[in-house]
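The values are calculated or read from the model by the stated rules, or taken from the named source; none is laboratory data. Bear in mind that the values here come from a model prediction, so they are computed numbers and not experimental data. With ideal geometry, Cβ positions are generated from the backbone for all residues, glycine too; neighbour counts draw on all protein chains shown.
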Amino acid sequence: SAAGAGWWLGFGYFVAGLWWMGAAMLVEADQFAWALPLAVFGLPAVLALFPAAGFALARLLWSPGGARVFALAAGLGAAEWLRGHLFTGFPWNDFGMALTSAGPMAQTASLVGLHGLDIIAIVIFAAPATLIDRAPRGARRIGGTMFAAAALAMLMFAYGVFRLDANETKYVDGVALRLMQPNLPQDAKFRPENGAKILHHYLDLSERATNARPSGLAETTHLVWPESAFPYVISRHPEALAAIARALKGGVLLTGAARAESDGDGRPGKIFNSIEALKGESIVAFYDKVHLVPFGEYLPLEDLLRPLGINHLVPGIWDRGAGPRLLAAPGLPPIAPLICYEAIFSGETIQRDAADRPRLFLNVTNDGWFGRTTGPYQHLAQARLRAIEEGLPMIRVANTGVSA
């Protein structure tokens, strides 16, 4: 059946594209190695239900000749949209991502977004299949489909060249950024007993002279550290705030950090995965992550699953932030902050009703869970596409993976 063929296609596609998720199960192998087959094969088996549904819809719309290409694009395009939105969404490795490494062609995302690219990619890559259809009566329609796909690809390329040429790189006067990637092993990063050593490592790397900036931090106005930089809540460690202030000498630190709120009675309350802006010994601005990772940062259906003890299998339980908003860091234009996984959601990365439009993205991430696999590079490609869609530059800092 069409749905069966779609499921097998999807299963192979997602196993080949998402196998690296199994690496996260080996970071604390004594606790999570049992889940390796679920990550490598179980998740793809579930995600394959979406292309199965897409194939079933395409079969309902099917017609002979070149029109079948558009039926396939409509079916799979709808399935990809559903995959990106249902059950909090997981729009990773959409079919449209195949066009994002094709230089200027990726710029079309500024017009149609990721899900528009999904449909376009299917049309372009499926159109050559019509060349094997030898039906005489359909020859003209088949040739028209192939011509339309080729013309679409050329128009995308031309638009991309024009857009890149028309938008010159602009700089903010008086801002000198330094990005610090610590490359800490994941199994050591979150151990509280390593807190002092980790901070010393961060400061040492941040102050180190390089060929590009031999003065180290002396001329830096803004230093950026990755997601969850500390194995503790930094606001509760004044000695760490003082050490950072001494190193920055009036500069600003933007860092991923755990942020805690009390419940008003002095007892522990909510805890957030956040970005904090530090100046002097004070936290002057923050953003709390909104789109949390299911089973990684929160437990879906918690009231149902907690009595079963499944909450003990979730590495961290974070509270959800209030919503997308701008981060106002001293000396920088308005920032649209993105923490890790938030960078993969097309159309959800900026606050649409804000009085001021953001001037740049700040994406802090960890990626240390996935080691030297293809995962961090896929994550970078997703983040880069958000910058293309919104027409904004992006500052990206990772613990391991790719900072840019």
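Some notes on this structure:
Residues checked against (1) loosely packed, with under 12 Cβ neighbours inside 10 Å; (2) out of contact with any Leu (no Cβ under 8 Å at 6 or more places or on another chain); (3) closer than 23 Å to Pro324 by Cα; (4) not assigned by TED's automatic domain parsing to the domain that holds Val27:
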position	(1), (2), (3), (4)
Ala188	no, yes, no, yes
His201	no, no, no, yes
Asn211	yes, yes, no, yes
Thr221	no, no, no, yes
Trp225	no, no, yes, yes
Ser228	no, yes, yes, yes
Pro231	no, yes, no, yes
Gly269	no, yes, yes, yes
Asn273	no, no, yes, yes
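- Residue in the range 6-27 that is under 24 Å from Ala149 (Cβ atoms) and buried (at least 20 other Cβ atoms within 10 Å of the Cβ) present: yes
- Selected residue [buried (at least 17 other Cβ atoms within 10 Å of the Cβ), within 24 Å of the chain's Cα centre (by Cα) and touching a residue at least 60 places away in the same chain (Cβ under 8 Å)] from Pro91, Pro44, Pro104, Pro51: Pro91
- Residue count for the range 1-42 under the criterion of being more than 19 Å from Ala98 (Cα to Cα) and aromatic (Phe, Trp, Tyr): the result is 5.
- Among the criteria (1) closer than 21 Å to Ser1 by Cα; (2) of a type in the set (Phe, Trp, Tyr); (3) not in a helix (DSSP H, G or I), the one Phe50 does not fulfil is (3).
- Residue in the range 91-101 that is part of a helix (DSSP H, G or I), out of contact with any Cys (no Cβ under 9 Å at 6 or more places or on another chain), of a type in the set (Val, Ile, Thr) and closer than 27 Å to Phe11 by Cβ present: no
- Selection within the range 147-176 - among the aromatic types (Phe, Trp, Tyr) and within 16 Å of Met394 (Cα to Cα): Tyr171
- On the stretch given as the range 359-374, residues that are in contact with a helix residue (DSSP H, G or I) (Cβ under 8 Å, 6 or more places away or on another chain) and either among the polar types (S, T, N, Q) or modelled with pLDDT under 95 (or both) total 10.
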